[in-house]
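Every number here is computed from the coordinates shown, using simple stated rules; none is lab data. Here the structure is a predicted model, which means the values were calculated and not measured. Neighbour counts are summed over all protein chains in view; Cβ atoms, including those assigned to glycine, are modelled from backbone coordinates with ideal geometry.
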Amino acid sequence: MPPCHLSIVIPVRNEADNLPALLDEIDAALAAQAPYEVIVVDDGSTDATAAVLAARAATAPHLRVLRHPRSGGQSAAIHSGVLAARADVVATLDGDGQNPPADLPRLVAPLLGGPPGLGLVAGQRVGRKDTLSKRLASRAANAIRSWALADGTRDTGCGLKAFRRDAFLRLPYFDHMHRYLPALFARDGWQIRLVDVGHRPRGAGRSNYTNLQRALVGAVDLLGVMWLIRRRKKAQPAATGESE
């Protein structure tokens, strides 16, 4: 396969009806970014997702498809996609069509030509199109997380993110880690940049998570991330000036 400088990773589960339009939008948004690759990670779908992706891949050489035989969750799918990525810069977005692909160039530009200390560009949703209950639950969860972690981020649940592949793979992996990337990147000394992005109603189907599920796992995850930050490596080797 030809070299590429940008990998797009999309975790999906039962998104067969949303994928064709989403992939079309990604190609339109990234026409000026070629060469790039799109990696869709099918996280144990039980609908026609596999068939839709197989048909698309037959005519789109830049599309790569990975599949988990059983669902491992969004973080597992993202991690598998990043491991398989061939570019140094990776961008992610959700497979339900709520993240506008037109925002991708603004997220990846700072990493492709920005300062070497920048590790993550995180999207921050503006004008969310979710239900009222979901918006209220997200607002409460983000407020608690921001207070506990002091990560300076108002919206870590946004699927639109771009980061350095090597920095991501050095982070400690755990389920649901994708919701804590700003705090985890900052823990390792990387600069974080926040970018306002759009948000749209879900195209088809329904969410794979409920507010209660997010709240229950979020409480445990938050304590775990607080522990990881507290126990981070606090010293790095300094150059001695010696030469071989």
Worksheet, complete the sentence: Here the stretch 43-60 yields Karplus 3J(HN,Hα) values (6.51, -1.76, 1.60; θ = phi - 60°; whole Hz; Gly and Pro given as x) of 8, x, 4, 10, 9, 8, 3, 4, 5, 4, 5, 4, 5, 5, 5, 5, 10, 10
Worksheet entry | Ordering of 108-114, 80-86 by burial proxy (mean other Cβ atoms within 10 Å per residue, highest first) | 80-86, 108-114
Worksheet, complete the sentence: For G44, the residues 5 or more places away or on another chain with a placed amide H closer than 5 Å to its own amide H are H68
Discussion item. Which of rounded, prolate or oblate describes the stretch 1-90 when judged by the alpha-carbon gyration tensor and an a/c cut-off of 1.5?
Written reply: oblate
Worksheet item: Among G224, V41, G95, whose Cα lies farthest out toward the positive end of the dipole of the stretch 6-230, if unit charges sit on the beta carbon of Lys, Arg (+1) and Asp, Glu (-1)?
Response: G224
Response to the item:
Exposure-ranked with fewest Cβ neighbours within 10 Å first, Y173, Y180 stand as Y173, Y180
